[in-house]
Amino acid sequence: MDFRFDIIWEYLPLLLRGTLLTVGLSVASILLGSILGLGVGFGKMSKRALLRIPMLCYVNFFRGTPLYVQILIVHFGLIPAIIGHTNSIVSAITALSLNSAAYSAEIYRAGIQSIDKGQTEAAYSLGMSHMQTMRHVILPQAIKRMIPAFGNEFIMLVKDSSLIAIVAAPEIMYWSNAMRGQYMRIWEPYLTASLIYFILTYSLNKLLLYIERKV
């Protein structure tokens with residue numbers, strides 16, 4: 001097999017720029033998704049049906065439909081309806097954040113419900129409100145248990161970000177597809193992209209293992 005390193009070298013600056021964008025989009029999306037997911041998670045656990053049912057529908061929709069389809073809906077439907085035109089970066093962050101929020105909501109729910117109910121009752125007996133109990137008693141313990149799940153979600157988000165190439169966001173896969181289209185080569189662009197994603201996810205995995213040990 002004739003493997004051409006010269007075209008990889010030619011596209012390397014663009015691939016590195018795409019890598020930075022991939023990391024930036026993933027970090028922004030996991031942060032926004034975590035914040036939105038906290039609200040969705042609490043809403044899903046609410047005893048009020050008017051709050052619980054919409055949040056349940058939200059989680060089921062984003063977990064039950066392909067991210068590929070969600071990106072297209074956001075890019076060609078939601079974002080133009082809000083700002084009047086398409087924008088690949090805004091669409092990418094929005095779609096990834098909304099998707100991540102659904103999974104984050106389940107992580108929060110599982111983490112919170114894993115804490116013994118006796119601790120909640122003990123906090124109430126001390127005169128704490130529901131918000132104080134969550135802030136000072138439940139969440140500090142639950143978050144430690146959520147770290148592995150959030151780590152996996154972040155790693156999945158980095159890999160899933162490859163789908164935003166469909167809306168021409170200039171990340172790793174966008175430039176890999178450009179390389180393939182220009183030179184009509186398969187191995188060089190996609191093996192290079194695979195290597196970059198492997199380095200990103202392997203590094204993240206090691207970092208998360210370190211954080212877990214520290215916590």
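The values are calculated or read from the model by the stated rules, or taken from the named source; none is laboratory data. Every value quoted in this text rests on a predicted model; they were computed, and no experiment measured them. Note that each Cβ is placed from the backbone with ideal geometry, even for glycine, and that neighbours are counted across all protein chains shown.
Computed quantities for the displayed model
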{"quantity": "Qualifying residue in the range 195-208 (condition: charged (D, E, K, R), within 26 Å of LEU36 (Cα to Cα), at pLDDT below 95 and out of contact with any helix residue (DSSP H, G or I) (no Cβ under 8 Å at 6 or more places or on another chain))", "calculated": "no"}
{"quantity": "Matching option when the condition is basic (Lys, Arg), touching a helix residue (DSSP H, G or I) at 6+ places or on another chain (Cβ under 6 Å) and free of Cβ contacts under 8 Å to residues at least 60 places away in the same chain, among ARG48, ARG63", "calculated": "ARG63"}
{"quantity": "Lone unmet requirement of (1) touching a residue at least 60 places away in the same chain (Cβ under 8 Å); (2) under 18 Å from the mean Cα position of the chain (by Cα); (3) over 18 Å from LEU25 (Cβ atoms) for LEU163", "calculated": "(3)"}
{"quantity": "The range 34-60: number of residues that are of a type in the set (S, T, N, Q) and loosely packed, with under 15 Cβ neighbours inside 10 Å", "calculated": "2"}
{"quantity": "Any hit, the range 151-165, residues being aromatic (Phe, Trp, Tyr) and over 25 Å from THR94 (Cβ atoms)", "calculated": "no"}
